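Colleague: Can you keep this structure in mind? I'll have questions shortly.
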Amino acid sequence: MPGDMAFMEKLTSLCKRRGFIYQSSEIYGGIGGFWDYGPLGVELKRNIKEAWWHDMVTNPPIGPDGREVEMVGLDCAIIMNPRVWEASGHVAGFSDLMSSCRACKKLVRADQLGAMLEESEWYQSVAELCRRGPVGVAELRRWAETRGRKLAPNLGIVREPGLIPARLEGTTGSRQVHSVRELLEVLTGELDSKPGAGLPCPYCGGELTEPRPFNLMFRTTVGAVEDPANTAYLRPETAQGIFVNFKNVLDTTRVKVPFGIAQIGKAFRNEINPRNYTFRSREFEQMEIEFFCRPEQSMAWYEFWRKVRYEWYVGLGLKSEKLRLRDQTPQELAHYSRACADIEYLFPFSDEFQELEGVAHRGNFDLTQHAKASSKDLTYFDDEAWERDKDKFPPEQHKEVKNREPYRFLPTVIEPSAGVDRSALAFLCEAYCEDQAPDENGVMQPRVVLKLHPRLAPIKVAVFPLVKREGMPEVAEAIYRDVRRYLPAFYDEKGAIGRRYRRQDEAGTPYCVTVDGQTLVDGTVTIRDRDTLQQIRIDKAHVLSWLGEKLGK
Ligand code: GAP
């Protein structure tokens, strides 16, 4: 469903203008589904990843058992042995249903076809006719011979306008259509209830094929010989790298179940219709945790992660009314999963909530699959439990009992799986505001401001001399040199002070320090708060400690 596209245009323009996000390979016309992060964007993404790593890995909240949560990290190769993806089910099943246009050959995801059609230029143009009142043969024919020929050259009634009277009568029983729905039936001939069947191509109006599964993994060849035996895949998720290293981590660290392994890294999916800015990209980053626990404790850990992950977004500024936790229905759950919750955000590009992160109870499906496919033992042995209980069993039974549950078992996995790029987009959407701020003459002017949480803001403080003379730049530069050793800071002495403030507002910088005439007299500077616009004066020697306190450093 179309959301507030005007908002999205303003946001994308700000992101380009201020160096957050650029189209990938833009000077060559770009490439669909790939994005580059500019100087501010890369800092925003780093801050998101650092906040996640700090809050989930190095300093997670206390667990549901009242104990410290044990977490370790991992950084796996993007290309793995292709057998990983056979065992995980991605080779056989990681696909979307897709139709292709018989005329222009473009691909369309079957479940997105309806929405894409409604957004397409040709459909909107013809639907506009209906909004003005009933549409008759002459009007439809005129459209087909003019706008239709340009926008939807492969649509049936455009190729053969002579069909229009028969189509109208066949569909509506009259020579008029009264609604967009009726119009669509006229345009397509006949509507089928199957997604993707019967509807015309959103690009050119041509006939679409029946939907077919299309594997989303990018293929590549390892080594010099182009042979199917050398086919490998760019990983479509970071999770499998964690599962295949489960035994390594157990054998080389002192972790004990329950514990988690975390990974941040690139993932690649050959999405059929990448769309909505960076929301659905072909190359993106994930932040994933595989948390290994005892089966009987798994629901407590599931509830824990579900809550922790939701609150993480709220704590970093996503407002609760736009953020929701949606439990999947039993019909939506994978066969091995007992529960799954999606953390969803109401992005402005849609009227419907969209997935930001999934928190899934995965049972022991993944470890079972990899144990089977690799013929390696991936069970966990709980030596503490065995030491505690072994005297309860006669010695001749020890060998058998210690190698079965509850002492040896395959841990159950809870998987919170988040996207860095989707999080960045949600934080940007939430932060974008238009309000008013006074210019250098005190006259209120419209301003665009990114009210990013200070932890996420790419620049924490900007330092300005009010004017470029009277010794002010020297004092401001000294403050800047001092501050940048500890905080991402920016120095700017060019242009009117109001414009410098507005540049920083658009970059999301929470504080601006200004050296002015009074600084030269009493050594105080002003600090301006991005959100309240209030300015306070403090001694220049206290700037760093003041910022440290405000930013929690
Ligand atoms: N290991 C589980 C897994 O990968 P997923 O729901 O397919 O689950 C997890 O992906 C998260 O990765 C999503 O919630 C989303 O934030 C992000 N993600 C998935 N596909 C994406 C895409 N095409 N573009 C950007 N982010 C994506």
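Colleague: Assuming R0 = 41 Å, what is the FRET efficiency of Glu549 and Asp435, from their Cβ-Cβ distance, to the nearest 0.05?
Modeller: In this case the efficiency is close to 0.95.
Colleague: Which of the trypsin sites (Lys or Arg not before Pro) found in the stretch 339-423 are loop residues per DSSP with 13 or fewer other Cβ atoms within 10 Å of their Cβ?
Modeller: Those that pass, being in a loop and sparsely packed, are Lys376, Arg404.
Colleague: How big, in percent, is the set of alpha carbon pairs in the stretch 135-255 lying more than 21 Å apart?
Modeller: Roughly 60 percent, once rounded to a whole number.
Colleague: What's the extension gain from Glu128 to Ala166 if we count 0.36 nm per residue and subtract their Cα-Cα distance?
Modeller: Stretched out fully, the Glu128 to Ala166 stretch lengthens by 11.5 nm.
Colleague: Full-extension gain between Ala92 and Glu400, please, as 0.36 nm times their residue separation minus the C-alpha to C-alpha distance.
Modeller: Gain in length upon complete extension: 107.2 nm.
Colleague: By how many nm would the segment from Glu384 to Gln328 grow when fully extended, if each residue of separation counts as 0.36 nm and the alpha-carbon distance is taken off?
Modeller: 16.6 nm
Colleague: Measure out, as a whole number of angstrom, how far apart the alpha-carbon centroids of the stretch 346-394 and the stretch 123-139 sit.
Modeller: 55 Å
Colleague: Restricting the calculation to Cα positions, tell me the Rg (one decimal) and the Dmax (whole number) of the chain in Å.
Modeller: Calculated on Cα positions, Rg and Dmax stand at 29.1, 94 Å.
Colleague: Right, here's the next one. Can you list residues whose amide H is under 5 Å from Ala103's amide H, if they're 5+ apart or on another chain and H is modeled 1.01 Å from N?
Modeller: Glu207
None of the figures in this text is laboratory data; all of them are computed from the coordinates on show. Quantities reported herein were computed from a predicted structural model and do not represent experimental measurements. Heads up, the Cβs are rebuilt from the backbone with ideal geometry, glycines too, and the neighbour counts pull from every protein chain shown.
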